[in-house]
Amino acid sequence: MTASQPPTTADELRGAGLRVTAARVALLETVRNGDHLDVEGVASGVRQRVGHISLQAVYDALHALTTAGLVRRIEPAGSPARFEGRVGDNHHHVLCRSCGAVADVDCAVGDAPCLTASDDHGFAIDEAEVIYWGLCPDCSTVSNS
């Protein structure tokens with residue numbers, strides 16, 4: 001008996017019903033290897049892998065991958081949209097007010113307690129987005145100097 005291999009990026013795209021292109025493979029891998037990249041950061045990473053790609057093509061591919069559930073889009077207030085490859089869980093984010101650094105934060109306690117709203121108004125809630133704001137360690141050190 002042999003251990004099964006994890007799916008390739010191309011397999012994941014096919015499994016999501018998306019056409020496999022070099023640009024989509026590069027984009028998905030760039031997002032997954034990046035750290036909450038904005039569109040410009042994603043485009044730069046894709047260009048390093050496959051050469052020229054228009055910004056519109058990056059937007060289109062990000063939209064397709066987000067809709068397919070392979071990429072997650074976060075939109076912190078006052079910041080450009082960011083993209084990450086961590087999907088399928090209900091994690092949150094912490095953002096630095098000064099430099100814009102972003103980090104993942106798991107749900108505080110138990111089984112996604114933030115999905116139990118005090119009043120759901122009849123909605124079937126399946127995701128919550130919490131953003132913690134503050135200063136990262138580097139910016140905290142600078143502001144205390």
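The values are calculated or read from the model by the stated rules, or taken from the named source; none is laboratory data. Bear in mind that the values here come from a model prediction, so they are computed numbers and not experimental data. Every residue, glycine as well, gets a Cβ built from its backbone with ideal geometry; the counts of neighbours run over all protein chains shown. With ligands, DNA and RNA removed, areas are computed over all heavy atoms of the protein, side chains included. Shrake-Rupley method; radii C 1.70, N 1.55, O 1.52, S 1.80 Å.
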Subject >> Percent RCO, i.e. relative contact order, over the chain, from Cα pairs under 8 Å lying at least 6 residues apart >> reply: 18 percent
Subject >> Size of the range 1-130 as Cα extents on the principal axes (Å, biggest first) >> reply: 50, 48, 28
Original post:
Which distance in Å, rounded to a whole number, links the C-alpha centroids of the range 1-58 and the range 59-111?
Top reply: 17 Å
Subject >> Of all accessible heavy-atom area on the chain, the percent that carbon and sulfur account for (1.4 Å) >> reply: 52 percent
**OP:** Any chance you could list P(r) for the range 11-71, counting all Cα-Cα pairs in 5 angstrom bins from zero, rounded to whole %?
**Re:** 3, 21, 36, 26, 13, 1
Original post:
Given R₀ = 25 Å, FRET efficiency for Ser98-Glu75 by Cβ-Cβ distance, to 0.05?
Top reply: 0.85
Original post:
Any idea of the accessible area per residue across the chain, 1.4 Å probe, to the nearest Å²?
Top reply: 62 Å²
